[in-house]
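Asker: Provided herewith is a single structure, encoded as structure tokens, for subsequent inquiry.
Here, each number is a calculation from the coordinates, and none is a lab measurement. This is a predicted model, so every value here is computed, not measured.
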Amino acid sequence: MTEPFVDGHGICVLVLSDPGQCTARATAVQELFEQELSRVFGSATVEVRPQFFGVSDTRTLDFRPIDSLREEFTRVDAVLLLTEMPRLSHGRPEIAKLFPDERAASLSYPTLGVLAGRRRLVALFMSCVLRLVDGAPEEERERYDLRWNRWLEPEAAEDAARYLHAHTLTGVPRTVLGMVATNAPWRTAPQLSSALGAASAAGAFGVFYSSIWQMSAALPTGRLVMIGLLAITSMVVWLLLSNGLWERASHAEPAEVLVYYNLSTVLTLFLCVLALYLTLFVLILAAGLVVIDPDFMEQIVQRPTELSSYTGIAWLSAAMGVVAGGLGTSFDESTDLRRLTHGQREIARRPQDADDR
């Protein structure tokens, strides 16, 4: 453990974060984090480094890179590992875990949720540091405690791990939505050019074939919505199965973690396909407004032509395009669906000789 601090001596904290969103968020709060540390310890230095940590087969982090990184600095008082990995302990999502003996803490960014602000992340950083450093004022520890979240203190040795758990009711949905955010579906959706092209070709039939007009005019709004949802669901299922994205339990993996992985995968794919569907809907609607004459449509469907007539055609045609065209193609070769989900990304983290923690 470090020596107790005396006012003015300062502190040095090393933040190691997964490349991508975790590093971006850690960099965004670096200055604010330094300010808060300086207020408590007199002066502070925060270094943010992207670091891709390996894991064992039981999804535990490999801490070995920490020792080599410490050697680059004259003094490191605490190390914070910010990872996109969801973690469970005692049956609940784990926001953070302290390792006092190593003066380190692992923090799971998804457990903070989609709308985690800069202040909340800094409060989590401060809460961990104040428990890793000897001599930190007790009142400061209470100041940075997260609302509704409490540290689980060990009953055994002082250097035993301490846990910060998510709230019992909101922890699971917050973590799953946070995992979806770290999957960044909005980065993949614009790359669906081949799927969009094939779906557009199939959906374009709805603009030129009057039977689609008649069907859309005859179907109630609720039925049209259900058809759209069915088309989206069909494509999500196809993507899951054809790309092997559904995580299956094994004897070495806790089944509870797989629930989080699979839920976040399904939601991420749903958002990607929904973006494809809505883009296709807008394209077909624009084409219908240009191509289909209102008087001619009125003769075919035998009812007054309104904007809803065109939106009904576009919606039904988009569903047909997703099913007939989207399911017959795949994402661009440059878009690797395996990188879109936590479960598949974690496979790259697992060296055979990773140490368990």
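Asker: Taking θ = phi - 60°, what integer Hz values does the Karplus form 6.51 cos²θ - 1.76 cosθ + 1.60 yield along region 96-111, in sequence order, with x for Gly and Pro?
Answerer: 8, 9, 9, 10, x, 5, 8, 6, 9, 9, 9, 10, 9, 4, x, 5
Asker: Would you kindly calculate the translational diffusion coefficient of region 255-328, applying Stokes-Einstein with the Kirkwood radius from alpha carbon pairs, for 4 °C and a viscosity of 1.567 mPa s, and quote it in µm² s⁻¹ without decimals?
Answerer: Here the translational diffusion coefficient equals 90 µm²/s.
Asker: In a Debye calculation with equal point scatterers on the alpha-carbon sites of region 204-318 and no solvent, what is log10 I(q)/I(0) at q = 0.10, 0.11 Å⁻¹?
Answerer: Reported log10 I(q)/I(0), two decimals: -0.42, -0.48.
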